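Heads up: the structure comes next, in structure tokens.
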């Protein structure tokens, strides 16, 4: 039998006549520079004779999804194997959704990949990367458009294995009914391991069908298959236990940690879209993980330990990336970029290399630290000057102690003084509202800090055109953090506090006009909170919202709080729990949390002790968790539990000038 | 105080480039194309001249871009270089670094003067999903009319204008069970586009076109008023 008989047809000829009628059609045509279209049966010529096919989705619009590093890396790592096909798909806008559902003489047009425009349902695996929980309704929409049953339980052997990854997958329970599997942590190695399991199963003739391939994935302990776990609820609505429901399935599923980032220098072939996207730059991840210990920060908790790329690899990746992409802006990414042990040499080395060219460098996440101004100067040598953003996160010293972000007022003032005296006219300050134990006074302290910043700026620069923009986000407690037990602040109080702050800033005659104020109302945060700390019962809410037309919940123009509230009322009726129970309720030490069976490596008792330290700090105790890169281990549990270790420099190497070919 | 950045030197050479938008990349908008082109010249290491200021931009002037969704064999732009280059070397480098479907056809040294002024008219092919028996009479009625008023939504709101005067030539011929219109349009203000002519054919000739017709610009250049022929703007 010829394998090519089963090659799914491209839907592009069906799409093409309709493209002129939708907005920004270029986002649906693919053909990006460095994209890959492989033979559907590329594995046929390999010794095993089988091909494993992945459809990778970033469940948001193309303009947001295309630049996503995670998807780009996995797309490249998978396509490098001669027996794997990986293609990409993104959430389609409502105008395109209408066109697809309306369809043509052949019926509806299914969810397709942008690479070869193949139907998503034709792939073996459908992998979704969730940076945020607000993409869940887009997943349901994509499944439905693809013709894949929404519920994992209803899928047959012809349907792909639906797999979730990304930070939100550290608590996949709210989407447990819709995904077949979830993976925690770094994806580079595990996607290959999964591919191998699927290949072997296909080579053997798919014994035991879907159930068996999922069983094989689950027994490894590195892939979570929700259907193999039963959740039992207690009388009071809390979880009594989560237990495997068949032999051989491990009690806990562990996260994946990539060691030696120098061995994985991806993306090496950065995708360059024709359409405009949210990040028009080439980004190099200079290290992964963060051990600063900010208690609100889920990313910092779940990506431990710190693993640096060496200065040499970073230099090579920058040069390769700009030559392959043509981007002239380079971002050095990480959770706190100035913390790289050789950041000074990296900045100087790259500055020297690209002196006199139009290549510009930026350091997106930086701490409040005068040293960073020196770095910023290095990065703006060619005259381009990007904005400076600092994130004290908490307005009062007390608040910053509670979240373990130890930045003093003096630190901040010294830093901004350096910035303003070096010619910057504007800085941005980022804060959160709704942190545990927060009072009105803590939030109003943000205004004092902003005024101090303007006063200092006017003083050191001798000018009046100094500006400061204050951006405020609502705090959402996240799983696997010390604040996972905290009560989320209700959106009414959040909005009241922000209004008081805004009025205080506005009423100030001397400084009010120099301070910009950006914030969002608290309602989306409440829903993010529901999805972040929800359990399997929340799945019905997501489904109800999607059925009611909910899409693109991360976009304020599409998000409807009322829809979420009415859907939660309907879907949770009779369960004894509700929206408030999931969000504004503080949890107790012995409550079984929905994600307790998912192992981020963090010791739950350490997290609890850290939560108690936070509450003690709120009452004036002087406890600080210092960074374990430079001080002794504080026993968060990750390294011994995961068999990992901190990987940092310095290597002592320098970047050499490039010889032009 | 920040110093003003150095003034950039003026270009030492200008090159005119003809490129094509083909296949699925015809859905590239003009803004999309200009970003892709800037990245391509950087990848190809073409020694561009830059504008002065805090945000120097490579010197590129675009002329008469085709609407998003229409294919074209004749789009033009001009670039300013900081070093003198062999146009053929630049052509090959750009061909290499632009995605397939955005294809550089020809590169020549600019003789001076304005490129945009040379682009007086365009030659279009419009492939329609209608029977030639319906299209023929509609074209005749259209050509017989003095004026053909149409409406189009512009950035300034709904506009009324005549689409007849800009039509230098229009003919219908059968093609693959449908109709191909052969159209020569004079550029002007307001600019009349092929879809305006289709709107005109609908209003005066009752020609209803289903689906989205494929529009292809074959040529763009100086118009010979005597013959209605379009010349080559790169070789005069």
Item to check | Over chain B: helical MRE at 222 nm, DSSP H runs n ≥ 4 each giving -39500 (n - 2.57), nearest 500 | outcome: -7000 deg cm²/dmol
Next on the checklist: Translational diffusion coefficient of the stretch A:15-253 at 4 °C, 1.567 mPa s, Stokes-Einstein with Kirkwood Rh over Cα pairs, in µm²/s as a whole number.
Outcome noted: 70 µm²/s
Checklist entry - Taking 0.36 nm per intervening residue step and subtracting the Cα-Cα distance, what contour gain separates residue A:82 from residue A:276 on full extension? => result 66.7 nm
Checklist entry - Applying 1/(1 + (r/R0)^6) with R0 = 56 Å to the Cβ-Cβ distance of residue A:622 and residue B:191, what FRET efficiency is obtained, to the nearest 0.05? => result 0.20
Checklist entry - Mean separation of Cα pairs under 8 Å and 6+ residues apart, divided by the residue count of the stretch B:120-221: what relative contact order is that in percent? => result 46 percent
Checklist entry - What order do you get for A:63, A:204 when you list them from fewest to most C-beta neighbours inside 10 Å? => result A:204, A:63
Next on the checklist: How many angstrom lie between the Cα centre of the stretch A:179-197 and the Cα centre of the stretch B:178-211?
Outcome noted: 54 Å
Next on the checklist: If packing is taken as the average count of other Cβ atoms within 10 Å, what order do A:557-565, A:402-410, A:535-543 fall into, highest mean first?
Outcome noted: A:535-543, A:402-410, A:557-565
Next on the checklist: Give the average, rounded to an integer, of partner chain Cβ atoms located within 10 angstrom of each Cβ in A:326-336.
Outcome noted: 2
Checklist entry - How many angstrom separate the Cα center of the stretch A:543-576 from the Cα center of the stretch B:50-73? => result 44 Å
Item to check | Rel. contact order, % - alpha carbon contacts under 8 angstrom, at least six apart, the stretch A:15-253 | outcome: 15 percent
Checklist entry - Among B:102, B:158, B:25, whose mean-square fluctuation peaks in a Gaussian network model of chain B (Cα, cutoff 10 Å)? => result B:158
Item to check | Sequence of B:62, A:420, A:354 once ranked by neighbouring C-beta atoms within 10 Å, starting from the fewest | outcome: B:62, A:354, A:420
Item to check | Helix-derived mean residue ellipticity, 222 nm - over chain A, DSSP H n ≥ 4, -39500 (n - 2.57), to 500 | outcome: -10000 deg cm²/dmol
Item to check | Convex hull volume of chain A per residue (C-alpha atoms, cubic angstrom) | outcome: 170 Å³
Next on the checklist: Can you tell me the orientation of helix A:343-353 relative to chain A, as the angle in degrees between its alpha-carbon axis and the longest Cα principal axis, to the nearest 10?
Outcome noted: 80 degrees
Item to check | Neighbouring partner chain Cβ atoms per residue of B:21-33, average, 10 Å criterion | outcome: 5
Item to check | Cα gyration tensor category, rounded, prolate or oblate, for the stretch B:72-217 with a/c compared to 1.5 | outcome: prolate
Checklist entry - Within 10 Å of each Cβ of B:64-73, how many other protein chain Cβ atoms are there on average? => result 1
Next on the checklist: So for each of A:600-610, A:169-179 I average, over its residues, the number of other beta carbons within 10 Å; can you give me the resulting order with the highest mean first?
Outcome noted: A:169-179, A:600-610
Item to check | Label-zone membership for the stretch A:241-277, site residue A:604, 7 angstrom Cα→C-beta point, backbone N under 20 Å | outcome: A:241-246, A:249-256
Checklist outcome for this item: Ranked by GNM mean-square fluctuation in chain B (Cα springs under 10 Å), the top entry among B:157, B:178, B:136 is B:157
Checklist entry - With each label point set 7 Å from Cα along the Cα-Cβ vector, what nm distance links residue A:656 and residue B:232? => result 4.9 nm
Next on the checklist: 7 Å from Cα along Cα→Cβ at both residue B:165 and residue A:23: what's the point-to-point distance in nm?
Outcome noted: 3.5 nm
Checklist entry - With axes computed from alpha carbons, what is the tilt in degrees of helix A:188-203 against the longest principal axis of chain A, rounded to the nearest 10 within 0 to 90? => result 10 degrees
Item to check | Gyration tensor verdict on the stretch A:457-525 (Cα atoms; rounded if a/c is under 1.5, prolate if a/b is larger than b/c, oblate otherwise) | outcome: prolate
Item to check | Distance in nm between pseudo-label sites at residue A:460 and residue A:323 (7 Å out along the Cβ direction from Cα) | outcome: 3.9 nm
Checklist outcome for this item: Rh_Kirkwood(the stretch A:1-108) over Cα pairs, Å, one decimal, evaluates to 15.6 Å
Next on the checklist: Please compute the contact order of the stretch A:462-588 in relative form: average sequence separation of alpha-carbon pairs under 8 Å and at least six residues apart, divided by the residue count, as a percent.
Outcome noted: 31 percent
Item to check | Proxy reagent accessibility, fewest Cβ within 10 Å first, across A:393, A:102 | outcome: A:102, A:393
Next on the checklist: Please give the Cα centre distance for the stretch A:600-661 versus the stretch A:256-315, rounded to the nearest Å.
Outcome noted: 16 Å
Checklist outcome for this item: For the stretch B:13-117, shape from the Cα gyration tensor axes a ≥ b ≥ c, cut at a/c of 1.5 then a/b versus b/c, turns out rounded
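Laboratory data are not the source of any read-out in this text; all were calculated from the coordinates shown. Values in this document were obtained by computation on a predicted structure and should not be read as measured data. A quick note on method: Cβ atoms are made from the backbone with ideal geometry, for glycine too, and the neighbour counts reach across all protein chains shown.
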